[in-house]
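Input: a single structure, listed below in structure tokens.
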Amino acid sequence: MIILTNFKAYPTGVFQNAKNLVQMHIDAQKEVEKTKENIQFAVAINSLDIQSICDAFAGTIDIYAQHCDNASFGSSTGKILPEMLLQMGVKGVILHHSEHRFSSENNYAELIETINYAKKTGLTVVCCAETVEEGAFLSEHSNADFIAVEPPELIGGDISVSTARPELISESVADIGKGKVLIGAGIKTGVDVQVVIEKEAVGVLLASGVTKSETPYEVLLDLASKV
Ligand code: G3P
């Protein structure tokens, strides 16, 4: 069961604050492992912090990038190369997040090529989807390891998807497949996570519940408390 925290570009999730927050995730992992198995915390780091975070923590916790491009070494400018991420010690990458979608015209060709290239390079790929239908299409037409279904209207809000739309979780698992679904948007508590796991998703993708909390370490322990 994966608890993936997206640091986004929150001030509490960049530069030295990012290092502090990653350490809290590592500490929470050690605490949770004393009594529970199969709970894996992971972090998704702003592109400009990845090198420093990997230097400090690669191999201690799964580190994800928040985006990458379908590009390799050579004449490409401003691109985030999957090979470079892998060589830094990155575990995986989030793609097509609501805040960084590939195309507003639903032209999925470039996204699918990027998913498949990142996967071929060796990265674990979490592809985001705003609807069950989009998630099912991308699951069927790409090699994504996970599909993270996140209703955009609930992202960053006070009402979690577990409360507002629990049926979306069941529909996602049914249409995308068991073992592939992560759920996000407003996830903040152990109860939110419990609902997700009871409906057979395999993890959660969250951000503000941890990055904007005054007590992120305690939130991390609570997220794992009902599993
Ligand atoms: O990447 C996860 C993010 O989109 C969810 O945000 O703040 O609702 O947990 P939040």
- Would you mind telling me which numbered condition in (1) under 26 Å from C54 (Cβ atoms); (2) out of contact with any Cys (no Cβ under 8 Å at 6 or more places or on another chain); (3) polar (S, T, N, Q) T131 fails? (1)
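Conditions (1) more than 10 Å from the ligand (Cβ to nearest atom); (2) touching a helix residue (DSSP H, G or I) at 6+ places or on another chain (Cβ under 8 Å); (3) not in a strand (DSSP E or B), marked per residue:
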{"position": "S170", "(1), (2), (3)": "yes, no, yes"}
{"position": "V173", "(1), (2), (3)": "yes, no, yes"}
{"position": "K188", "(1), (2), (3)": "no, yes, yes"}
{"position": "A201", "(1), (2), (3)": "yes, yes, yes"}
- For segment 1-47, name all the residues that are within 14 Å of the ligand (Cβ to nearest atom), among the polar types (S, T, N, Q) and in a loop (DSSP other than H, G, I, E, B). N46
- Message: Cβ-Cβ under 6 Å, sequence separation 6+ or interchain: first residue in segment 171-188 and closer than 14 Å to T131 by Cβ and small (G, A, S), partner modelled with pLDDT of 95 or more and assigned to a loop (DSSP other than H, G, I, E, B). Which pairs?
- Response: G184/E150; A185/E150; A185/P151; A185/I155
- Message: Give me the residue from segment 95-126 that is touching a strand residue (DSSP E or B) at 6+ places or on another chain (Cβ under 7 Å) and within 12 Å of the ligand (Cβ to nearest atom) and, out of that set, nearest to H67 (Cα to Cα).
- Response: L95
- The lone condition T77 fails out of (1) surrounded by 17 or more Cβ atoms within 10 Å (Cβ to Cβ); (2) among the polar types (S, T, N, Q); (3) more than 17 Å from the chain's Cα centre (by Cα) is (1)
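The values are calculated or read from the model by the stated rules, or taken from the named source; none is laboratory data. Values in this document were obtained by computation on a predicted structure and should not be read as measured data. Cβ sites come from the backbone with ideal geometry, for glycine too, and all protein chains shown count toward neighbours.
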